[in-house]
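Worksheet: the structure to be examined is printed underneath.
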Amino acid sequence: MEALPENGSRHEILTPGALTVSPAEGARHQRAARRLANLLEAAANAAGAGVDVIEAINVRHSDERLTIPDIAVVDRAAAGKDPTYFVP
């Protein structure tokens, strides 16, 4: 997965061993996701929560599926290590 080119397509492993590629969402979806991320980030900062709001990060599940949510709220210490994926 990490060796795939950055070509604007979403790559997700939905079942072990099967790679699914989806086109990027449209502008309306992207604007809504960015606005939601901004609101989440402002609320987390106001609450003093130790989290970061990150867009389009790899999330590796216990069954080895890899998904890329539009927005993820993750532990700030974990994000500070700049991993290539997060575990829920």
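Annotations for the structure displayed:
- Computed over region 19-84, the range of Cα coordinates on each principal axis works out to 38, 31, 17 Å, biggest value leading.
- Per DSSP, loop GluC sites (Glu not before Pro) in region 37-88 with at most 15 further Cβ within 10 Å: GLU64
Where a number appears in this text, it was derived from the coordinates with a stated rule and is not lab data. Quick caveat: nothing in here was measured; it's all calculated off a predicted structure. Here the Cβ is made from the backbone with ideal geometry for all residues, glycine too, and neighbour counts use every protein chain on show.
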